[in-house]
Structures are given as structure tokens and as C-alpha cells.
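The values are calculated or read from the model by the stated rules, or taken from the named source; none is laboratory data. Given the structure is predicted, the values throughout are model-derived calculations rather than measurements. Every residue, glycine among them, receives a Cβ derived from its backbone with ideal geometry; neighbour counts consider all protein chains shown. In case anyone asks, the SASA skips ligands and DNA or RNA and just uses the protein heavy atoms, side chains included. Shrake-Rupley method; radii C 1.70, N 1.55, O 1.52, S 1.80 Å.
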Amino acid sequence: RKWADPNKTPEENWNREYRRYDVENPGEAWDCANFISQVLIAGGFPMTDEWYYDKESGFASDAWRRAHDHYEYFSNKDNKYTRGDVIKITSPEQLDRLYQEGKVEKGDLLYWDFTSDGKIDHATMISSTDKELKYTAHSTDVFDESVKHKYKNDFPNATLYIVPLKKMSFLNMTSRVG
């Protein structure tokens, strides 16, 4: 919650060790993938030649800071981060079934294709599976927001993608950053 408190401004939710793209360039940039990358780093994921942030220069790879590139990188089985196939969701009922079957875990990545055009628009992370699936994100800073509520009420035509991540050396990565 520390860096994604919906009751704070984006400036207050800014981890100053990294850039905050939506604050630096309002209306021109988003911060969702950058934030999720920070959560993954805090959780023990190692940077790679494709997915990295240089704190000295402030330069980040596309896979670090752009939602679609982030999805492409983390859904690629060759990178060995996934613990199964990407789960595609096209209805709230399908979301309910996934929750009931226990196939989604805290720490899994959740990507939003708002218009179902094949381009990922938003990178988020499952932060709770208590009673329903909840997510945490930046750009619009939220912590434990209902996936189903957001999906049904704001993006009913969206396609969601869940990347089930292997749990590296952590189990509570969202509590370390969030």
C-alpha cells in the first residue's frame, strides 16, 4: 500500500528510487508497467538484458516501462517466469470461475486490453485473492481494487490476461512494496 495508496496523490505514491512517468509527463505517459516492475524487483526478480532500470541514468527498457512490452516479456515462456499458460479472460463469468477454481494467486500479473484490439493497455498485479480477485496498480493508483467490479463497470469489452508467475524467493511481494 505504501506506493499505491488511492488516498494519496501520485506525487506522494512516488518511490523516489525510480522515475514516475505519469507525474513527470502528465497526459503523455503512464506508470503502470514501471510500478509493477518495481514490485517484481522488490520481490526478488533479477533484472535482465531485456528488462531493466538504470538508477544512475533513469533509463528503463521498454519491457520495464511499457505495458504491452511488459506483457510480451513476462508471458514469454522462454524467460522461465511463468508457472503455466497465460489465462485469457473475456467475461466476468470466466473471471468468477477462475477465482472459484483457485487458478490465480497473489503476485500473478494481470494485464488489461481495454478495447480487445490485441494491444495491452495496462499492467497490474493480483494483490489479493481474499473473497475475490483484487489488483494493485499505478497511473490510477489503486490497492486491492476489485478486478470484477472494474471489469464490469468500466471496461466491459476488455480482454484480460493473467500471467501466472512462479514465486521466486518471495511469497508476499505485494506487501513489501504495496
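Some observations on this one:
- Qualifying residue in region 63-81 (condition: outside any helix (DSSP H, G or I) and in contact (Cβ under 8 Å) with a residue 60 or more places away in the chain): yes
- Top-ranked residue in region 112-157 [being open to solvent by less than 50 Å² (accessible area, probe 1.4 Å) and of a type in the set (Ser, Thr, Tyr); ranked as modelled with the lowest pLDDT]: Ser139
- Residue satisfying all of: in region 38-62; among the charged types (D, E, K, R) and in a loop (DSSP other than H, G, I, E, B); surrounded by the fewest Cβ atoms within 10 Å (Cβ to Cβ) among these: Glu56
- Matching strands (runs of 3 or more DSSP E) fully within region 110-157 where at least 3 residues are over 22 Å from Glu72 (Cα atoms): 142-146
- Selected residue (criterion: nearest to Ser128 (Cα to Cα)) from residues of region 87-111 that are open to solvent by 50 Å² or more (accessible area, probe 1.4 Å) and within 14 Å of the chain's Cα centre (by Cα): Lys106
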